[in-house]
1. Given a 1.4 Å probe and heavy atoms of the protein chains only, how would you sort Val106, Val450, largest accessible area at the top?
2. Please give the contour-minus-distance gain from Asp224 to Ala268: 0.36 nm per residue of separation, less the Cα-Cα distance, rounded to one decimal in nm.
3. Bins of 5 Å, beginning at zero and ending with the bin holding the largest distance: percent of Cα pairs per bin for region 60-172, please.
4. Tell me the accessible surface of Lys181 in square angstrom (1.4 angstrom probe, heavy atoms of protein chains only), to the nearest ten.
5. With +1 on the Cβ of every Lys and Arg and -1 on the Cβ of every Asp and Glu, and nothing else charged, how large is the dipole of the chain about its Cα centre, in debye rounded to the nearest 20?
6. Cα atoms only, region 163-267: Rg and Dmax in Å?
7. Given R₀ = 51 Å, FRET efficiency for Val108-Tyr147 by Cβ-Cβ distance, to 0.05?
8. Taking the Cβ of Asn305 as the centre, find all other residues whose Cβ is under 13 Å away and add up their charges (Lys, Arg: +1; Asp, Glu: -1).
Amino acid sequence: MSEKPQDDTDELQLEGLGHKGELKRNFSPLAMLGLAFAILNSWTALSASLSLALPSGGPTSVVWGLVTAGICNLCLAASLAEFLSAYPTAGGQYHWVAVISWKPWVPVLSWITGWINVSGWIALVASGGLLGSQLIVGIISLMNPSYTPQRWHQFLIYIGYNIFGFLVNAFMNSSLPYVNKAAITWSIAGFAIISTTVLACASPNYSSGKFVFCEFINETGWPDGIAWLLGLLQGGLGLTGYDAVAHMIEEIPNAAVEGPKIMIYCVAIGLFTGFSFLVVLLFVAADIDVVISSPAGPILQILYNATNSHAGAICLLMFPIICLLFATTSIMTTSSRMTYAFARDGGLPASGFFAKVHPKLDIPLNALCLTTALVVIFGCIFLGSSSAFNAIISASVVALGVSYAIPIAINCLQGRRKLPPRAFVLPGWFGWFANLLGIAYVIVTTVLFVFPPVLPVTGSNMNYCIVAFMIILIISVVQWIVDGRNNFTGPRVEMGIETLEAVKSHHDGSSDGTLDPKIAEERRTL
């Protein structure tokens, strides 16, 4: 089929959802997969955040916690893929909530979901710069053991990461597809090169299989079961953000067909590469107590233990450091599109301003500037308290998880009957299984991730995630009272029958004018 009819169908479907296509569809499926994988960047994020899980369950939490988080996130991704196929709009979760909610509750539920999702993405932008700055400070600590890291050192590196992401997004929009292809190529290459190198250098002094798959460590002060569950935060961080495909969906052709596949593929690739890489690292880790306590950070210490070379370890660390530059850029891209979409439907203060697309740059520049400004503010908070900054990162994982669960839960409460005919449909029994397992995972992790990481609790080690999350909720409620309840009606939720017929015809490859029975039923219900 030619590209033009596909583009026409994409724009017709978007117009049926109440929006004019203002962004160019210049992302190929591979480029979009590159963006999604750059955001998850699972093997990099998981290795850079080993300090979350090693003291809280040890290797068992690192390996089996990732498997648990991976299976549950695959179920969530498959569940969201159904919504994406039916309603391929950059609004994502808040739009889907509006489509399937009970009519009296549409505005408020869509509003809350949108605010949670926007806040989660803006906070997630900070994760790339945070992890990258930790890795670079770790290099200095490895080379100079007397070095005492200062927060402002890490802050400046963090700002550099985000300025880089802003400049690429603002002035290289037409090159972003190539940047994302480079990101997935660099990431896979780094995964292969580091794995091969450390295994070769460490041979034959590997850790035992029993250590890698069965060793349990608990340095948290919590009971063993709670400690292991708290270690799930590492797997959650390494596999979150796949709704990026939804928020970028208006920039790929054949969106309703390709988007759902990309959403599931990126989680599956992330799980496979993340699991493989973590197992390799644990096999070459050597003394795990040294790894946990190292001022250089767990990943760099493991690379040094394996290669026995400062230069070799630092050269290998260049792969994740640059991967995190790609990740920061891609997360910022997605966050700006999500902010733009919510403003387009009137969900933010000064929505008209943040919903503008720059006529020459072809990007929502104002939304991008808002994202960058807030991320810089988050960095200023880090200067005052590392716990408060880490809470923002945890809150982003919690917020995104909650935004995934809300539309799925509402659909389940209505018997999974609210979505119209679409290209991607889960089998009946598996649809229920995936939906319910995903919801259960979000409920459990939302509670766990607001727990303090260690006992006894002090002001410095307290988990302020609940505070950050409550601030988001309070701001959204106040804004609802001041503006939303009078002016926000939610996005358009009823796609015209003509649009449904055109989309169904496109997916089936038919154009004989015969109305599909399911669409006939849709006509009777509208």
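1. Most to least solvent-accessible, the answer reads Val450, Val106.
2. So the extension gain works out to 12.9 nm.
3. 2, 9, 11, 12, 14, 14, 15, 10, 6, 4, 2, 1, 0
4. Only protein atoms counted, so the area is about 70 Å².
5. Around 460 debye, computed over the chain.
6. 19.9, 52
7. 0.50
8. Summing Lys/Arg as +1 and Asp/Glu as -1 gives -2.
The values are calculated or read from the model by the stated rules, or taken from the named source; none is laboratory data. What you see is a predicted model; the values in this text were computed from it and never measured. Don't worry about glycine lacking a Cβ; one is built from the backbone with ideal geometry, like all the others, and counts go over all protein chains shown. What goes into the accessible areas is simple: the full protein's heavy atoms, side chains included, and nothing from ligands, DNA or RNA. Shrake-Rupley method; radii C 1.70, N 1.55, O 1.52, S 1.80 Å.
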